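The values are calculated or read from the model by the stated rules, or taken from the named source; none is laboratory data. Small disclaimer: the values here were computed from a predicted structure and weren't measured. Here the Cβ positions follow ideal geometry from the backbone for every residue, glycine too, while neighbour counts run over all protein chains shown.
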Amino acid sequence: MIESSSTLGEELLPEPFCTMRRQLVELIDQKTRFGSANIHTKGAVRETASFNLESVYGLRSDVQVHKISGNFRETPHTRAASNPTASAQQDGAARLRLASQDLSLALGRQDIAWDSLRSGAFSLADLRFWTLAKCSPCSGAGSRTCSQCTGYGRTLCGTCRGTTQMKCDNYQCLNGRATCWRCHGNGQVLEVVSRPYTDSNGYTQYRYENEYQRCPEYGCFGGRIQCTRCLGRSLVSCTTCSAMGKVRCAPCFGEGSIKCGSCAATGRSGSLAWADVSLAVEHKLSYPQASPKELATIDKIEGGIEGLAKIARISSPTSVGGHDGDRDAERNTLRTFEVDLFRLTVECDGIPFEIVTYGPQGRWLSTGGVVEHLLNHDLSNIETALVDARRQGWLSRDRATLRDALIKVLASEINIVALTSTHRAGGATPESVAISEDYINRLENATSNAFHLLEVRQAKDLSWRICIATLIAVVLGWSIWGAIEAGAIGIMSISAGEMIRGFFARREMRLIADDAVVNAGVRKRGAVKSTQLLSTGVVVTPALLILVALLYILPSDHPWDGREAEPTSVEDLEGGE
């Protein structure tokens, strides 16, 4: 522990305080526009922070029972028993006591790691107990009579119901008669016949005519003939049972008996039981009552117990309780995680700030707000400039004060990093903890409003110039071509003015910062479209009003149409007279 009320030089600071001060000075000199000349070391303190790790190791004897059949074969690791479950429970209780002793010996070792014991199997059974007896469902026969066919192996056909015949499967057959193939059910066919005709002179000639005649097919009456499938009986032999009336029984496959599933058709069934001892491990991290306030932050940064174990000094486990039972046992241990905290007190502008790092690698926890204190001068100036700009009113076009304040804010690299990347609290470098989330939110709001106001005010500055250019272009276009052409020229003039506004806006923003910073400063507030629309409206709206007014005032006819040419000579005057 090192403390002093006077300023300490860097040469008087031991490690890691010397490294902390050097990194802080480099951060201020390289990442901000301020110098580190006003940073003075006032004191250094080394502190040990402790975490309590309570571990609960639970042993449990789990009995597992499996069904076996007569196919079971005894091995050296099996033993016959009248009650395998009870025997397995007794064996599990004995092995649980041995496992509890082994666990106590393991936890009593000084070099055991906190995570060396994990949840899972702790002691597997080396002896299994079995029993076999006559199978009850089949009474030791290995099979039972099929209830579907009552042991005959064949059942009544479901199609013909034992009659060996079924309805004719010809879809055209109705009561043994089907549609005639020749007349297609009409009973008549169209035939070509030759008939003689005799005229008044006695001359006879033959003519061919189409005539419907009765269907010549044998047995065709009314367009239907005898069905060739059932031969007019409307019944055919059953194809399912091959006209036998019975089919093979499906459950027993025609054998009349079904193999017993309980004993695998061996006639004997039983059970096989054994007990495995499993281990369940649960770790819980807690903080002592008088612990430093930074412990919760360190725990969050390191990601819990596994991260803390990499940077902490871990003590040997101390037994704090447990119990033994027939089915389960428990052992509770307590370990201490010790993490070094390094506190360096510096003074800036007469205000003390405490810088905190931790761990053997000096991971930064806080810069104490000293960097944010320096940056806050520029941020306060731009916030004040924004307030003054709002007070100046809508017609104000002053940009110099706001632009200078924004340039100073963006002159610090750490502000640019905060705008273009995601801030992460806690890390290995001081940049990651230099500024707070509240400061970043203020920075985003201020830069977004500043970029927005600068672009709008530049649009105001260009608006009256674009209006004058539109007025001149419309009048010239009307005087030369007419009103319609003048309107088109006015619209093109307004479009060109909008393009010029965008060019000057981008050029001025690039003079302040690069595109990435400008886009980040505006997009994080979601104001890109609103800024562009407002700036466009400031330029386009007055120009459009002027264009509409001129087109309304100026006559639609060409100014020179209908005007006679003035006489230019004496002959013209005399001719006129």
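If you take the residues of segment 189-212 that are out of contact with any Leu (no Cβ under 8 Å at 6 or more places or on another chain) and under 30 Å from GLY176 (Cα atoms), which of them is surrounded by the fewest Cβ atoms within 10 Å (Cβ to Cβ)? Talk me through it step by step, then tell me what you get.
So the first thing to find is which residues in segment 189-212 are out of contact with any Leu (no Cβ under 8 Å at 6 or more places or on another chain), and the list is 189-209.
This time we only want the ones that are under 30 Å from GLY176 (Cα atoms), so: 189-191.
Working: VAL189: 17, LEU190: 10, GLU191: 12.
Going through the qualifying residues, I end up with LEU190.
Examine segment 77-84 for a residue that is under 21 Å from ARG327 (Cα atoms) and in a helix (DSSP H, G or I), and state whether such a residue exists.
Taking segment 77-84 first, the residues under 21 Å from ARG327 (Cα atoms) are 81, 83-84.
This time we only want the ones that are in a helix (DSSP H, G or I), so: 84.
There is at least one residue in segment 77-84 that is under 21 Å from ARG327 (Cα atoms) and in a helix (DSSP H, G or I).
Out of all the residues in segment 87-96, is one or more more than 29 Å from LEU53 (Cβ to Cβ), loosely packed, with under 12 Cβ neighbours inside 10 Å and either modelled with pLDDT under 90 or of a type in the set (Asp, Glu) (or both)?
Checked segment 87-96: no residue is more than 29 Å from LEU53 (Cβ to Cβ), loosely packed, with under 12 Cβ neighbours inside 10 Å and either modelled with pLDDT under 90 or of a type in the set (Asp, Glu) (or both).
Checking the structure you have, find out if any residue of segment 35-47 is of a type in the set (A, V, I, L, M), more than 48 Å from the chain's Cα centre (by Cα), surrounded by 15 or more Cβ atoms within 10 Å (Cβ to Cβ) and in a loop (DSSP other than H, G, I, E, B).
Filtering segment 35-47 for residues of a type in the set (A, V, I, L, M) gives 37, 39, 44-45.
Retained after the next criterion (residues that are more than 48 Å from the chain's Cα centre (by Cα)): 37.
Next, from what is left, pick out any that are surrounded by 15 or more Cβ atoms within 10 Å (Cβ to Cβ): none.
Within segment 35-47, not a single residue is of a type in the set (A, V, I, L, M), more than 48 Å from the chain's Cα centre (by Cα), surrounded by 15 or more Cβ atoms within 10 Å (Cβ to Cβ) and in a loop (DSSP other than H, G, I, E, B).
Could you look through segment 463-478, keep only residues that are farther than 11 Å from PRO542 by Cβ and among the hydrophobic types (A, V, I, L, M, F, W, C), and pick out the one that is surrounded by the most Cβ atoms within 10 Å (Cβ to Cβ)?
Looking at the filtered set, the residue picked out is VAL474.
Residue-by-condition table, conditions (1) surrounded by fewer than 17 Cβ atoms within 10 Å (Cβ to Cβ); (2) free of Cβ contacts under 8 Å to residues at least 12 places away in the same chain; (3) not in a strand (DSSP E or B):
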residue: PRO216; (1), (2), (3): yes, no, yes
residue: ALA243; (1), (2), (3): yes, no, yes
residue: VAL247; (1), (2), (3): no, no, no
residue: CYS263; (1), (2), (3): no, no, yes
residue: VAL277; (1), (2), (3): no, no, no
residue: GLY307; (1), (2), (3): yes, yes, yes
residue: SER319; (1), (2), (3): yes, no, no
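Can you name the residue in segment 224-241 that is in a loop (DSSP other than H, G, I, E, B) and of a type in the set (Ser, Thr, Tyr) and is also surrounded by the most Cβ atoms within 10 Å (Cβ to Cβ) among such residues? Walk me through it before giving the result.
Let us first name the residues in segment 224-241 that are in a loop (DSSP other than H, G, I, E, B), namely 227-234, 238-241.
From what is left, the residues that are of a type in the set (Ser, Thr, Tyr) are 228, 234, 239-240.
Values: THR228: 11, SER234: 17, THR239: 11, THR240: 12.
Top of the filtered list is SER234.
I'd like the residue in segment 391-417 that is modelled with pLDDT of 80 or more and not hydrophobic (A, V, I, L, M, F, W, C) and, out of all such residues, is farthest from THR367 (Cα to Cα). Please lay out each step first, then the result.
Keep residues of segment 391-417 that are modelled with pLDDT of 80 or more, which gives 391, 400-417.
Of the ones still in play, those that are also not hydrophobic (A, V, I, L, M, F, W, C) are 391, 401, 403-404, 408, 412-413, 415.
On the way: ARG391: 37, THR401: 31, ARG403: 30, ASP404: 28, LYS408: 22, SER412: 17, GLU413: 17, ASN415: 16 Å.
Looking at residues that are modelled with pLDDT of 80 or more and not hydrophobic (A, V, I, L, M, F, W, C), I get ARG391.
Of these, PHE34, PHE51, which one is closer than 22 Å to CYS348 by Cβ and among the aromatic types (Phe, Trp, Tyr)? Working first, answer last.
Details: PHE51 fails: closer than 22 Å to CYS348 by Cβ.
None of the other options fit; the residue is PHE34.
Let me confirm something: among GLN110, GLN64, which residue is touching a residue at least 12 places away in the same chain (Cβ under 8 Å), surrounded by fewer than 13 Cβ atoms within 10 Å (Cβ to Cβ) and over 30 Å from ALA434 (Cα atoms)? Show your work before the answer.
On the way: GLN64 fails: surrounded by fewer than 13 Cβ atoms within 10 Å (Cβ to Cβ).
Within the list GLN110, GLN64, the selection yields GLN110.
How about segment 357-382: which of its residues are farther than 24 Å from ASN38 by Cα and either modelled with pLDDT of 90 or more or assigned to a strand (DSSP E or B) (or both)?
If the condition is that a residue be farther than 24 Å from ASN38 by Cα and either modelled with pLDDT of 90 or more or assigned to a strand (DSSP E or B) (or both), then TYR358, ARG363 are the ones that fit.
Would you please name the residue that is nearest to HIS452 (Cα to Cα), looking only at residues in segment 383-411 that are in a loop (DSSP other than H, G, I, E, B) and not polar (S, T, N, Q)? Walk me through it before giving the result.
Taking segment 383-411 as the starting set, the residues that turn out to be in a loop (DSSP other than H, G, I, E, B) are 392-399, 411.
So of that shortlist, the ones also not polar (S, T, N, Q) come out as 393-395, 397-399, 411.
Working: GLY393: 15, TRP394: 14, LEU395: 15, ARG397: 13, ASP398: 14, ARG399: 11, ALA411: 19 Å.
Residue satisfying both the conditions and the ranking: ARG399.
Could you list, in sequence order, all residues of segment 313-332 that are touching a Phe, Trp or Tyr at 6+ places or on another chain (Cβ under 7 Å) and either modelled with pLDDT under 90 or β-branched (Val, Ile, Thr) (or both)?
ILE314 - this is the single residue of segment 313-332 that is touching a Phe, Trp or Tyr at 6+ places or on another chain (Cβ under 7 Å) and either modelled with pLDDT under 90 or β-branched (Val, Ile, Thr) (or both).
Just checking: which of the helices (runs of 4 or more DSSP H) contained wholly in segment 474-577 hold 2 or more residues that are at pLDDT below 65?
Numbers: elements: 483-512, 515-523, 528-553, 570-576.
Because the criterion is at least 2 residues that are at pLDDT below 65, the helices (runs of 4 or more DSSP H) in segment 474-577 that meet it are 515-523, 528-553, 570-576.
Are any residues in segment 258-295 over 36 Å from the mean Cα position of the chain (by Cα), among the polar types (S, T, N, Q) and closer than 26 Å to SER55 by Cβ, and if so, which ones? It would help to see each step written out before you state the result.
First, pick out the residues of segment 258-295 that are over 36 Å from the mean Cα position of the chain (by Cα): 258-278, 288-292.
Next, only the ones that are among the polar types (S, T, N, Q) stay: 262, 266, 269, 271, 278, 289, 291.
Correct list: SER278, GLN289, SER291.
Which residues, counting only those in segment 171-206, are touching a Ser or Thr at 6+ places or on another chain (Cβ under 6 Å) and touching a residue at least 40 places away in the same chain (Cβ under 8 Å)? Quick ask: steps written out before the conclusion?
Quick first cut of segment 171-206, residues touching a Ser or Thr at 6+ places or on another chain (Cβ under 6 Å) only: 172, 175-176, 185, 196, 198, 204, 206.
Listed by number, the residues that qualify are GLN172, ASN175, GLY176.
Starting from residues that are surrounded by fewer than 17 Cβ atoms within 10 Å (Cβ to Cβ) and out of contact with any strand residue (DSSP E or B) (no Cβ under 8 Å at 6 or more places or on another chain), keep the ones in segment 279-305 and report whichever is farthest from PRO84 (Cα to Cα).
Among those residues, the one meeting the criterion is LYS293.
Given the structure, is GLY254 touching a Gly at 6+ places or on another chain (Cβ under 9 Å) and assigned to a loop (DSSP other than H, G, I, E, B)?
Working: touching a Gly at 6+ places or on another chain (Cβ under 9 Å): yes; assigned to a loop (DSSP other than H, G, I, E, B): yes.
It is true that GLY254 is touching a Gly at 6+ places or on another chain (Cβ under 9 Å) and assigned to a loop (DSSP other than H, G, I, E, B).
Starting from residues that are in contact with a Gly (Cβ under 9 Å, 6 or more places away or on another chain) and part of a helix (DSSP H, G or I), keep the ones in segment 421-438 and report whichever is modelled with the lowest pLDDT.
Looking at the filtered set, the residue picked out is SER432.
Against the conditions (1) in a helix (DSSP H, G or I); (2) crowded, with 17+ Cβ neighbours inside 10 Å; (3) at pLDDT 85 or above, where does ARG457 fall short? Just the number, please.
Among (1) in a helix (DSSP H, G or I); (2) crowded, with 17+ Cβ neighbours inside 10 Å; (3) at pLDDT 85 or above, ARG457 violates only (3).
If we scan segment 343-356, do we find a residue that is outside any strand (DSSP E or B) and surrounded by fewer than 18 Cβ atoms within 10 Å (Cβ to Cβ)? Spell out the reasoning first.
Looking only at segment 343-356, we keep the residues that are outside any strand (DSSP E or B), and these are 349-350.
Those still in the list that are surrounded by fewer than 18 Cβ atoms within 10 Å (Cβ to Cβ) too: 349-350.
Yes, there is a match, as at least one residue in segment 343-356 is outside any strand (DSSP E or B) and surrounded by fewer than 18 Cβ atoms within 10 Å (Cβ to Cβ).
Working only within segment 247-276, note down all residues that are hydrophobic (A, V, I, L, M, F, W, C) and within 30 Å of LEU96 (Cα to Cα). If you could, list the steps in order and put the result at the bottom.
Step one: list which residues in segment 247-276 are hydrophobic (A, V, I, L, M, F, W, C), which gives 247, 249-250, 252-253, 258, 260, 263-265, 272-275.
Correct list: LEU272, ALA273, TRP274, ALA275.
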